[in-house]
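For reference, the structure discussed in these notes is given below.
Only the coordinates and a few stated rules stand behind these numbers; no lab work does. Predicted, not measured: the structure shown is a model, and the values here were computed from it. Methodologically, a virtual Cβ is constructed for each residue, glycine included, from the backbone with ideal geometry; neighbour enumeration extends over all protein chains shown.
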């Protein structure tokens with residue numbers, strides 16, 4: 001490399017680092033303004049700043065948590081805008097998914113219960129079903145019991161045990177060893193099947209599953225053409241749904257046992 | 001007396017110029033043929049100038065707001081009178097401007113003017129009212145021309161001229177004056193005969209929420225001379241589903257004259273039939289589907305459709321960099337905010353009025369977010385709007401929001417400020433329109449002494465946890481065990497695979513051994529062994545052993561290649577068996593002969609002849625080959 005190019009490259013590096021540093025600084029300033037506004041009860045300003053942070057691609061459990069609090073605060077001070085409860089729930093759900101801090105997860109869960117209780121109270125008044133959180137399916141709940149890597153380790157262990165047992169049963173002439181090998185194979189085979197299935201389920205959830213929160217008070221299920229289904233109950237605001245398929249202006253979602261098409265604008269994706 | 005003379009002189013000096021100027025000023029008279037016309041109709045503005053000092057020239061119509069000048073005709077005249085040697089000259093000029101009304105309103109036209117002796121003289125301005133198409137009062141019928149018209153317009157060189165109304169002295173038709181074509185309206189080629197539609201957008205690349213002005217023009221072939229009729233029941237409007245649409249024409253049923261265009265060597269009259277302000281609602285390549293009409297006349301094209309082009313607009317989002325907090329996608333244009341707060345003094349728990357005016361051009365946002373803060377409750381506002389076309393083809397206007405705001409806390413309450421961030425497409429930057437609301441003095445309420453926001457509403461969402469000040473940061477993404485192919489290959493698959501391979505290997509070994517054994521016991525293998533033994537015997541020179549080996553090789557060859565066991569067969573029986581199995585007679589006889597010779601040599605009491613035995617072996621090999629080839 002020529003000596004003349006060296007200063008030029010240094011200058012270029014300096015510019016790149018300066019830009020990155022400025023962007024980080026902007027985001028930190030924005031977060032500081034947002035939290036300050038939230039503490040002073042200026043919920044509108046806080047929401048604007050938190051949303052600007054989200055627009056800039058900042059994905060952080062604390063930012064999501066504070067954003068949820070900002071929306072909840074706007075409801076609490078009587079300046080509610082339709083959808084605030086749903087957006088608050090979205091912030092808390094996102095926090096639970098993103099955070100590794102048990103205390104933050106606990107706080108977010110507590111706030112989520114408060115917000116969903118309010119939604120349930122309003123739905124009760126309106127004579128609508130109050131189920132806001134149907135929970136996960138059995139398979140997904142089981143897969144969620146252990147970490148994906150743990151399931152993977154179990155699968156490796158079960159696989160090794162199964163092979164060893166089969167070899168022992170096959171090669172040995174001792175009756176005791178053959179019985180022991182048969183028992184071990186009988187246990188390890190289903191264990192391998194279950195751990196493999198759970199590993200695949202956890203992997204699928206990690207890579208493929210898209211979830212969202214309903215952020216409007218009336219997310220009415222529609223048919224494929226977007227026409228509201230007669231008699232269908234709106235999905236509750238703040239409900240966590242699984243996005244089965246996205247089709248531009250609409251999305252097919254699963255909420256408990258219900259599968260429905262809703263307008264895409266009624267949902268907000270949970271960041272991962 | 002001297003003073004009187006001076007006074008008279010001054011009086012004369014002051015009077016003479018005014019008299020002179022009075023003589024020089026031409027007599028001007030301006031008028032219109034009607035005072036109320038409909039949009040698209042024409043009105044004639046006529047100026048008559050008479051002067052004795054010079055020829056009136058360079059007539060000008062003056063201002064014509066709301067109208068377009070479509071033509072002009074001039075009729076100059078001169079009169080020379082000589083009385084007792086005194087010559088009196090009169091010069092006249094009558095000018096007729098054809099004006100076409102473009103939009104509804106009351107307009108002041110003129111004042112028309114002429115130039116006489118280097119000085120421009122203007123007549124009076126005239127007022128003309130333009131009403132929507134079809135609403136103009138009927139015009140008084142034109143007087144039927146007499147067979148022998150007289151008057152200022154009569155020309156002895158063209159006595160028939162006045163029999164054809166609309167023909168001016170220059171020979172041009174009044175209804176179709178020589179027109180000026182607009183190059184902007186020109187096209188490479190007509191899109192249809194007699195009549196066609198053409199659609200345009202003012203921009204094909206915009207950001208979300210930025211106005212795209214979409215126009216549909218109809219082109220009418222003026223020179224075709226055919227009456228053109230469009231089926232009013234089969235007009236299909238363009239479709240722009242991915243845009244917010246606002247019509248910019250007041251009346252879309254009435255085409256608005258746009259001018260004349262030269263297309264394909266013809267002069268086409270061009271009118272605007274649709275003009276919309278379109279605001280894209282999301283990013284992407286958005287389509288504006290075509291408009292179509294069906295022609296009824298002329299008969300040669302009856303039933304054919306005329307459609308516009310399908311247009312695509314590339315829509316992007318404004319840049320993320322520098323986007324201000326609170327910006328909502330689609331807020332694009334030029335906006336301004338103004339707010340009034342009344343009263344400034346209020347009792348705690350009382351209400352104040354906040355009047356907010358949001359104005360500008362673009363798709364004016366339908367709502368604004370009030371500055372929510374503790375102790376201030378903004379009730380749903382009453383919204384009024386005055387929206388429409390601003391200027392020629394921009395959409396805009398204003399929306400007003402009248403809020404009732406309850407103030408629940410005492411003291412000086414800062415209401416904050418209203419803000420509306422938007423993207424300015426001209427400056428290509430974000431701008432924030434702001435309106436400060438100021439402070440309200442809240443006096444303690446006598447009716448609600450403890451009302452420091454202590455309403456039942458405060459119980460709403462009680463028990464929310466505290467905020468966090470420090471970002472947690474994103475956990476570093478790590479590769480999971482099952483993301484690696486090695487995990488599936490070695491971790492999970494290798495163990496059962498090893499067992500499977502072992503089991504399969506053993507089974508395969510057994511199968512191979514069995515196959516080997518079977519192969520070893522086959523007649524073909526036996527034949528090879530026998531041939532090999534015969535070769536060995538031939539090499540050793542043991543004639544008897546060779547003959548025995550030849551006999552065994554031939555017997556095995558017949559089994560392998562002909563499927564016939566010839567052991568025990570003698571004489572013709574052997575040959576018959578082979579022929580019965582499809583062996584050629586020559587080969588069958590050869591086998592029988594060699595076997596007989598071998599038999600004879602083996603059991604002959606004489607010493608065996610090795611060379612004869614070798615010769616037999618050579619012949620036997622030939623026979624075996626022939627058996628193999630059959």
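For region B:221-272, the Kirkwood hydrodynamic radius from C-alpha pairs, put into Stokes-Einstein at 4 °C and a viscosity of 1.567 mPa s, yields a diffusion coefficient of 94 µm² per second. Against the main long axis of the alpha-carbon atoms of chain A, helix A:84-98 sits at an angle near 40°.
Based on Cα contacts under 8 Å between residues 6+ apart, region B:197-295 shows a relative contact order of 41 percent. Across chain A, C-alpha contacts under 8 Å between residues 6 or more apart give a mean separation that, scaled by the residue count, equals a relative contact order of 16 percent.
Computed from Cα positions, the angle between helix A:43-55 and the longest principal axis of chain A comes to roughly 50 degrees. Exposure proxy shown here: for A:245, B:309, the number of other Cβ atoms within 10 Å sets the order, fewest to most, as A:245, B:309.
Here the convex hull built on the C-alpha positions of region B:523-629 has a volume of 81 cubic angstrom per residue.
Hey, if you drop one equal point scatterer on each alpha-carbon of chain A and run the Debye formula without solvent, what base-10 log of I(q)/I(0) do you get at q = 0.09, 0.11, 0.15 Å⁻¹? With no solvent term, the Cα-only Debye profile gives -0.60, -0.77, -1.10. Neighbour counts of C-beta atoms inside 10 Å place B:344, B:129, B:274 in the sequence B:344, B:129, B:274, starting with the fewest. Model label sites at residue A:176 and residue B:462, defined 7 Å from Cα along the beta-carbon direction, differ in position by 7.1 nm. With contacts taken as Cα pairs under 8 Å and at least 6 residues apart, region B:511-555 reaches a relative contact order of 34 percent.
With the convex hull constructed from alpha-carbon coordinates only, the protein assembly as shown shows a mean projected area of 94.4 nm² over all directions.
With the alpha-carbon atoms of region A:139-207 aligned to their principal axes, the span from lowest to highest coordinate is 47, 15, 13 Å, starting with the largest. Based only on the alpha carbon positions, what is the Kirkwood hydrodynamic radius of region A:150-272, in angstrom? Evaluated on region A:150-272, it is 17.7 Å.
When the scattering of region B:364-455 is computed by the Debye formula from its Cα atoms alone, each counted once and equally, what is log10 I(q)/I(0) at q = 0.18, 0.20, 0.21 Å⁻¹? Values returned for q = 0.18, 0.20, 0.21 Å⁻¹ are -0.94, -1.06, -1.12. Taking the square roots of 5 times each eigenvalue of the Cα gyration tensor of region B:183-316, largest first, gives ellipsoid semi-axes of 28, 15, 13 Å.
How big is D, in µm² s⁻¹, for region B:402-441 by Stokes-Einstein at 25 °C and 0.890 mPa s if Rh is the Kirkwood radius over C-alpha pairs? It would help to have the intermediate numbers written out before the result.
Details: Rh = 12.4 Å.
It diffuses with D of about 198 µm²/s by this estimate.
Taking N as the residue count of region A:27-141, its C-alpha radius of gyration divided by 2.2 N^0.38 Å amounts to 1.10. Taking the C-alpha atoms only, the angle from helix A:175-207 to the longest principal axis of chain A is near 20 degrees. Ranking of A:198, B:257 by neighbouring Cβ atoms within 10 Å, starting from the fewest: B:257, A:198.
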